[in-house]
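The values are calculated or read from the model by the stated rules, or taken from the named source; none is laboratory data. Keep in mind that what you see is a predicted model, and the values were worked out from it rather than measured. Positions of Cβ are backbone-derived with ideal geometry, glycine not excepted, and every protein chain shown enters the neighbour counts. To get the accessible areas, we keep the full protein, side chains included, count just its heavy atoms, and leave off ligands, DNA and RNA. Shrake-Rupley method; radii C 1.70, N 1.55, O 1.52, S 1.80 Å.
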Amino acid sequence: MLKYIFHRIIYSLPVLFGVLLVTFVLARSVPGDPCKSILGEKATADVCARFLHEKGLDRSIAEQFVIYLNDLAHGNFGESIRFHRPITQILVERLPLTVELGFTALILACLIGIPLGMISALKHNSAADIATMVGANVGVSMPVFWLGLMLAYVFALLLKDTPFWLPPSGRLSAGLSSMPFYEVWGWYDKGDAPKLLQFVSNLYIFNAFITGDWQLMRDAIKHLILPSVALSTIPMAVIARMTRSSMLQVTQMDYVRTARAKGLHERVVIFRHIFRNALLPLVTVIGLQFGVIFSGAILTETIFSLAGVGRSLYEAITARDYPIIQGFTVVIAIGYIVLNLLVDLSYGFLDPRIRIE
Amino acid sequence: MTAVKRLFRQHSGIAGMIILGVLVLTAVFAPIIAPYGPNEVLIGKENIRKRAKPCIHLLGCPADQPQHLAGVDGNVRDEFSRLVYGSRISIFIGFVTIGFAIITGTFLGTIAGYVGGTTSNIIMRTLDVVLAFPFLLLAIAIVAILGPGLVNAMMAIAIVNIPTYARVIRASVLSVREEEYITAALSIGAGHRRILLQHVLPNAFPPLIVLATLGIGTAILETAGLSFLGLGSQPPDPEWGAMLASERNQVFSAPHLVFLPGLAIMLTVLGFNLLGDGLRDALDPRLRL
């Protein structure tokens with residue numbers, strides 16, 4: 001098993017190197033002068049030369065790439081040109097939001113998509129099946145940004161002054177702020193905590209949960225509902241379809257008939273014999289949804305005014321903030337590769353026939 | 001039963017064809033259907049304020065007011081006319097983007113599958129790198145380099161879609177390559193080009209047709225996303241994603257200007273998805289989901 005993980009990591013390295021190279025080249029190819037776009041049109045040639053020298057942008061592209069790789073190997077993602085702050089710090093502040101949003105959306109997609117797909121497969125060609133499949137088709141056809149705006153319109157405006165009202169933007173209501181658990185418990189003062197703890201504390205819902213701040217937790221969840229529902233529709237539809245087709249295939253197997261013939265309880269047949277065997281293609285499809293979710297996060301964060309990684313990347317690209325573009329993309333690509341690795345490894349657990357050498 | 005006959009027996013295929021039929025007719029007859037030009041500003045021509053709600057005479061709107069089926073946008077243009085003309089752009093986006101992705105993907109996939117070895121490895125690993133990026137992120141980066149605009153956005157979406165087609169074609173080519181009729185063709189002295197064009201590609205195409213139909217919908221959706229971010233179609237083009245984006249801050253005061261372009265995108269994408277489902281069932285029942 002360890003050998004397999006090691007092989008997979010080695011195999012991922014060329015792709016990772018390719019990602020680094022492509023990101024670096026793409027970031028450098030964005031037209032426009034970083035000096036002018038950061039310091040403004042009035043920056044003189046002298047000021048610009050000093051700026052480019054300071055940031056190492058006056059060296060050759062190859063030299064810059066080697067320096068960049070060296071920095072990365074030392075865990076140094078560089079400093080944002082716009083904010084004059086380390087990329088890791090910005091990541092620690094903004095990645096948790098995207099993780100929280102993406103994770104909630106995926107959970108939601110599974111919690112609703114899988115049961116719907118199961119009902120659809122078990123009641124094949126029934127009204128419930130047709131309704132689910134029509135719904136799934138509509139779901140994959142819906143623009144995320146449109147659904148987000150429509151949800152905001154319905155829940156923030158039409159349902160105003162009702163218990164169903166939900167906030168259309170931001171992470172927390174005005175006046176509320178999240179206090180990191182390490183400050184509450186007196187471990188560290190603000191800003192002194194290790195990056196990992198800061199990262200965890202910026203997962204607002206989790207932070208509020210462990211510190212027992214129920215009011216804040218409720219508020220954070222309320223703010224997360226609309227964006228995560230908007231983000232979950234496409235994965236939900238895909239998961240429902242895949243669950244259905246995968247289960248339909250397994251239902252026709254001889255061992256399912258045997259299981260029923262020997263008088264097993266229908267619930268056991270469904271969960272142990274059908275669903276368990278239908279899981280493999282389903283997990284693959286769920287793994288593929290990470291990319292869909294991240295792409296959707298760029299749009300969702302824009303609509304709901306959330307300062308997450310997706311929104312920041314989009315802004316960095318338009319502002320030519322190379323270090324942010326590079327740093328964020330690398331982290332996302334690594335996350336992607338790791339998640340795909342986890343999906344591959346899960347096959348061995350789900351299906352003992354797949355022996356991993 | 002032929003594939004076409006089977007397609008006509010699929011409910012989803014028929015529904016998809018009806019939706020797309022209406023869309024194509026709308027695009028073709030846009031100048032007849034639309035009461036105004038897509039970019040015709042009505043200031044000074046009609047006594048109407050910007051972002052006016054829809055006025056439909058049949059639904060009780062006073063007859064002395066000019067009829068605007070979908071209301072008026074922020075620049076006092078007839079929204080319905082813009083939606084009608086927008087169908088042309090959507091069809092153009094879908095076919096051109098996926099056409100480009102298929103041609104490039106087929107070329108790369110065929111070479112990778114047929115030649116094999118180092119060439120295949122280089123091509124497939126390069127495509128793996130493209131797949132390692134979330135598609136919208138890469139598309140945004142490409143548009144940032146090429147500059148915002150509809151054609152560049154389409155190019156970006158086409159590029160991020162290439163790996164999918166290349167992989168499918170490569171897999172098909174790999175399996176077809178081992179068939180006996182290829183050995184037979186080789187033994188009678190057929191050249192590589194003839195084998196590729198006459199034997200390998202036609203047999204590798206059916207899965208591609210299904211994928212392409214589904215891909216057109218996705219491409220329209222993705223390009224609309226780029227337009228929504230301001231990177232695709234530029235004003236005053238009546239592109240649905242851009243129309244929606246320009247009014248998104250007015251969603252609370254003029255929801256129809258956000259709702260209708262989004263609905264148009266959704267129906268179009270739905271049409272292609274339904275047709276793709278129907279085609280898949282008709283062409284290759286084994287793939288049936």
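Couple of notes before you dig in:
- Qualifying residue in the range A:10-29 (condition: surrounded by 17 or more Cβ atoms within 10 Å (Cβ to Cβ), under 26 Å from the mean Cα position of the chain (by Cα), under 30 Å from A:Leu341 (Cβ atoms) and more than 14 Å from chain B (Cβ to nearest Cβ)): no
- Within the range A:311-325, being in contact (Cβ under 8 Å) with a residue 12 or more places away in the chain and either under 22 Å from A:Phe6 (Cβ atoms) or out of contact with any Phe, Trp or Tyr (no Cβ under 6 Å at 6 or more places or on another chain) (or both) holds for A:Arg311, A:Ser312, A:Tyr314, A:Ala316, A:Ile317, A:Ala319, A:Arg320, A:Asp321, A:Tyr322, A:Pro323, A:Ile324, A:Ile325.
- In summary, helices (runs of 4 or more DSSP H) completely within the range A:34-129 and bearing 2 or more residues that are of a type outside the set (Phe, Trp, Tyr) and in contact with a Pro (Cβ under 6 Å, 6 or more places away or on another chain) occur at A:87-122.
- Any hit, the range B:107-128, residues being among the acidic types (Asp, Glu), under 30 Å from B:Ala254 (Cα atoms) and touching a residue at least 24 places away in the same chain (Cβ under 8 Å): no
The rows are residues; the columns are (1) on the phi < 0 side of the Ramachandran plot; (2) open to solvent by 50 Å² or more (accessible area, probe 1.4 Å); (3) at the interface with chain A (Cβ under 8 Å from one of its Cβ atoms).
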residue	(1), (2), (3)
B:Leu201	yes, no, no
B:Leu208	yes, no, no
B:Thr223	yes, no, no
B:Asp237	yes, yes, no
B:Arg248	yes, yes, yes
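- Of the residues examined, B:Tyr165 is not one that is more than 30 Å from B:Ala224 (Cβ to Cβ) and of a type in the set (Phe, Trp, Tyr).
- Residue tally, condition at pLDDT below 90, open to solvent by 40 Å² or more (accessible area, probe 1.4 Å) and not in a helix (DSSP H, G or I), over the range B:1-40: 3
- Which numbered condition A:Gly308 misses (of (1) at pLDDT below 90; (2) of a type outside the set (A, V, I, L, M); (3) open to solvent by less than 10 Å² (accessible area, probe 1.4 Å); (4) in contact with an Asp or Glu (Cβ under 8 Å, 6 or more places away or on another chain)): (1)
- With respect to the conditions (1) within 14 Å of chain B (Cβ to nearest Cβ); (2) under 23 Å from B:Leu229 (Cβ atoms); (3) open to solvent by less than 10 Å² (accessible area, probe 1.4 Å); (4) in contact (Cβ under 8 Å) with a residue 24 or more places away in the chain, A:Ile90 falls short on a single one, namely (1).
- From A:Ile286, A:Ile274, residue being aliphatic (A, V, I, L, M), more than 9 Å from chain B (Cβ to nearest Cβ) and closer than 25 Å to A:Ile9 by Cβ: A:Ile286
- Inspection of the range B:128-142 finds a residue satisfying the criterion of being within 14 Å of chain A (Cβ to nearest Cβ) and open to solvent by 60 Å² or more (accessible area, probe 1.4 Å).
- First in the range A:292-305 and facing chain B (nearest Cβ under 8 Å), second anywhere and at pLDDT below 90 and in a helix (DSSP H, G or I), Cβ under 6 Å, 6 or more apart: A:Ser295/B:Phe135; A:Ser295/B:Leu136; A:Ile298/A:Gly310; A:Ile298/A:Tyr314; A:Ile298/B:Leu136; A:Thr302/A:Arg311
- Any hit, the range A:118-134, residues being surrounded by fewer than 20 Cβ atoms within 10 Å (Cβ to Cβ) and within 26 Å of the chain's Cα centre (by Cα): no
- Among the residues listed as B:Ile43, B:Ile19, the single one being out of contact with any helix residue (DSSP H, G or I) (no Cβ under 9 Å at 6 or more places or on another chain), of a type in the set (Val, Ile, Thr) and farther than 18 Å from B:Glu239 by Cα: B:Ile43
- In the range B:41-79, the residues that are in contact (Cβ under 8 Å) with a residue 40 or more places away in the chain and in a loop (DSSP other than H, G, I, E, B): B:Arg51, B:Lys53, B:Pro54, B:Ala70, B:Gly71, B:Asp73, B:Gly74, B:Asn75
- Checked against the criterion of being aromatic (Phe, Trp, Tyr) and open to solvent by 20 Å² or more (accessible area, probe 1.4 Å), the candidates A:Phe51, A:Phe77 yield just one match: A:Phe77.
- Selection status of A:Arg171, assigned to a loop (DSSP other than H, G, I, E, B), in the same structural domain as A:Lys123 (by TED's automatic domain parsing), within 30 Å of B:Gln250 (Cα to Cα) and at pLDDT 90 or above: yes
This table checks each residue for (1) in contact with a Lys or Arg (Cβ under 8 Å, 6 or more places away or on another chain); (2) within 30 Å of A:Leu157 (Cα to Cα); (3) open to solvent by 20 Å² or more (accessible area, probe 1.4 Å); (4) not aromatic (Phe, Trp, Tyr).
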residue: B:Pro148; (1), (2), (3), (4): no, no, yes, yes
residue: B:Val151; (1), (2), (3), (4): no, no, yes, yes
residue: B:Ile157; (1), (2), (3), (4): no, no, no, yes
residue: B:Thr183; (1), (2), (3), (4): no, no, yes, yes
residue: B:Leu197; (1), (2), (3), (4): no, no, yes, yes
residue: B:Leu211; (1), (2), (3), (4): no, no, yes, yes
residue: B:Leu229; (1), (2), (3), (4): no, yes, no, yes
residue: B:Gln234; (1), (2), (3), (4): no, yes, yes, yes
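- Single residue of the range A:216-251 satisfying the filter (away from chain B (no Cβ under 12 Å) and among the polar types (S, T, N, Q)) that is surrounded by the most Cβ atoms within 10 Å (Cβ to Cβ): A:Ser232
- Any hit, the range B:262-285, residues being modelled with pLDDT of 90 or more, surrounded by 18 or more Cβ atoms within 10 Å (Cβ to Cβ), among the charged types (D, E, K, R) and touching a helix residue (DSSP H, G or I) at 6+ places or on another chain (Cβ under 7 Å): no
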